[in-house]
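See structure below.
The values are calculated or read from the model by the stated rules, or taken from the named source; none is laboratory data. Computed from a predicted structure; not experimentally measured. Glycine also receives a Cβ, built like all others from the backbone with ideal geometry; neighbour counts cover every protein chain displayed. With ligands, DNA and RNA removed, areas are computed over all heavy atoms of the protein, side chains included. Shrake-Rupley method; radii C 1.70, N 1.55, O 1.52, S 1.80 Å.
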Amino acid sequence: MAIKAVLRMGDRRLLETAAPVVAFDTVELHELLQDMRDTMAALKGVGLAAPQIGVGLQVVIFGVDANQRYPEAESVPFTVLINPVLTLLDEEQEAGWEGCLSIPGMRGLVPRHKRMRYEGFDQSGNRIDRSVSDFHARVVQHECDHLRGILYPMRVKDMRQFGFADVMDT
Ligand code: NI
């Protein structure tokens with residue numbers, strides 16, 4: 001187990017498209033996930049994508065019960081999601097505040113789809129198929145964006161709603 005350095009915005013590796021995982025339940029995959037869990041826990045994150053620690057694979061983890069970063073948000077079960085496919089359930093979007101371990105100290109108001117379905121696999125190759133909404137849906141969309149080289153500031157509509165968390169008053 002190891003806490004890895006999280007790449008910060010500006011690093012070109014965060015802009016690349018991640019490759020699908022082709023073999024499940026391998027030593028390498030379990031080690032990657034242990035590193036991701038250790039890193040996310042050490043930084044008190046809600047989610048982490050493999051490209052954020054320099055591994056260009058379609059692997060994300062997320063989950064929160066009571067997190068100091070989002071004290072008002074509902075809990076999300078801890079999930080390992082590999083090779084995800086997202087499907088919109090309708091067109092409704094909702095704006096919400098986001099932060100990212102690759103952009104420390106900042107936050108921004110980001111529109112996301114309110115309801116969506118996600119499919120994929122866990123580290124053992126078991127299928128995952130969930131339909132979720134609100135904060136859970138937001139976290140999944142944020143993490144899966146990392147697999148396509150998209151960081152949340154690219155989705156901020158009004159840059160006046162982007163700034164340093166300790167300066168902003170809402
Ligand atoms: Ni992020």
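Quick notes
- Among the residues of segment 124-137, those that are open to solvent by 20 Å² or more (accessible area, probe 1.4 Å) and farther than 16 Å from Phe78 by Cβ comprise Gly125, Arg127, Asp129, Ser131, Ser133, Asp134.
- Subset tally (residues that are within 16 Å of the ligand (Cβ to nearest atom) and surrounded by 18 or more Cβ atoms within 10 Å (Cβ to Cβ)) for segment 17-38: 2
Results for (1) in contact (Cβ under 8 Å) with a residue 40 or more places away in the chain; (2) out of contact with any Leu (no Cβ under 9 Å at 6 or more places or on another chain); (3) closer than 19 Å to Gly47 by Cβ; (4) more than 16 Å from the ligand (Cβ to nearest atom), shown as yes or no for each residue.
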| residue | (1), (2), (3), (4) |
| --- | --- |
| Arg127 | no, yes, no, yes |
| Asp145 | no, no, yes, no |
| Arg148 | yes, yes, yes, no |
| Gln161 | yes, no, no, yes |
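- Filtered residues of segment 39-56 (kept if open to solvent by 10 Å² or more (accessible area, probe 1.4 Å), within 14 Å of the ligand (Cβ to nearest atom), more than 18 Å from Arg12 (Cα to Cα) and part of a helix (DSSP H, G or I)): Met40
- Scanning segment 81-110 for residues that are more than 16 Å from the ligand (Cβ to nearest atom), assigned to a strand (DSSP E or B), farther than 14 Å from Cys144 by Cα and of a type outside the set (A, V, I, L, M) turns up Gln93, Glu94.
- The test for being within 15 Å of the ligand (Cβ to nearest atom) and at pLDDT 95 or above holds for Val59.
- Each residue in segment 64-123 was checked for being at pLDDT 95 or above, open to solvent by 60 Å² or more (accessible area, probe 1.4 Å) and over 30 Å from Val22 (Cβ atoms), and 8 of them qualify.
- Among the residues of segment 23-37, at least one is over 14 Å from the mean Cα position of the chain (by Cα), among the aromatic types (Phe, Trp, Tyr) and under 19 Å from Cys144 (Cβ atoms).
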